[in-house]
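The values are calculated or read from the model by the stated rules, or taken from the named source; none is laboratory data. Only a predicted model underlies this, so the values are computations on that prediction, with no experimental measurement involved. Methodologically, a virtual Cβ is constructed for each residue, glycine included, from the backbone with ideal geometry; neighbour enumeration extends over all protein chains shown. Ligands, DNA and RNA are stripped out before the accessible areas are found, and what is left, the full protein with its side chains, is counted by its heavy atoms. Shrake-Rupley method; radii C 1.70, N 1.55, O 1.52, S 1.80 Å.
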Amino acid sequence: MDNSLWQNLTEVFIKLTDAYESAIALGKRKHAALVNIDMKELSRILDEEQLLISKIQRLENRRGKILSQMAQSDPRVTPETRMEEFIASAPTRAIEEQLRTLHRQLSANVEETIRLRDNNQILAQGALDAVNFHLNRIGGATVDQTYSNKGGTGVTYRKNFNFKA
């Protein structure tokens, strides 16, 4: 197998690890913005997130292409081959250790990113529920105690404002 492919794979792992570290930092900023209900900061973070997601997708595609090229040149590699087994076939011990370390770090970063995403999703849903509650309270909406014919609860609205004024 070509050593340049191993070097390319290592470079992609480094860039992916850095990108996910940026995602972790962004997730922490997003958490603070959601807790403080800082909509301007949240808007900036969402824009940054889109750029970062695009970068991660490009890197993941590149990693997939490199791994496909490597798999074509080594018949022992199949789609079921685990990354740890694949790394063990590195041409040198130094490359193997570097990739093993990067793979562990990348896995930990992805797990932390997912944890932050899930926590932020709960905060965002709670904020939306609170906004919905207050809008309904202002608008005079009430939920009926009976179910509608479609299985949901009925909601009635009271006109609180005179729009002709």
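Side notes on the structure shown:
- Residue list for region 113-129, restricted to those being more than 10 Å from the chain's Cα centre (by Cα) and touching a residue at least 60 places away in the same chain (Cβ under 8 Å): ASN119, ASN120, LEU123, ALA124, ALA127
- For ARG100, the criteria (1) closer than 13 Å to THR10 by Cα; (2) open to solvent by 30 Å² or more (accessible area, probe 1.4 Å); (3) part of a helix (DSSP H, G or I); (4) touching a residue at least 60 places away in the same chain (Cβ under 8 Å) hold in every case but one, which is (4).
- Filter result (in contact (Cβ under 8 Å) with a residue 24 or more places away in the chain and open to solvent by 40 Å² or more (accessible area, probe 1.4 Å)) within region 18-29: GLU21, SER22, LYS28
- Residue satisfying all of: in region 30-42; under 18 Å from ALA130 (Cβ atoms) and open to solvent by 80 Å² or more (accessible area, probe 1.4 Å); modelled with the lowest pLDDT among these: ILE37
- For ALA23: the one exception among (1) under 16 Å from ILE95 (Cβ atoms); (2) at pLDDT 95 or above; (3) among the small types (Gly, Ala, Ser): (1)
- Residue in region 58-67 that is modelled with pLDDT under 75 and either under 30 Å from GLN7 (Cα atoms) or not hydroxyl-bearing (Ser, Thr, Tyr) (or both) present: no
- Filtered residue count, region 65-80, keeping only those that are of a type outside the set (A, V, I, L, M, F, W, C) and open to solvent by less than 90 Å² (accessible area, probe 1.4 Å): 4
- Residues in region 118-159 that are at pLDDT below 60 and either open to solvent by 80 Å² or more (accessible area, probe 1.4 Å) or charged (D, E, K, R) (or both): 8 in all.
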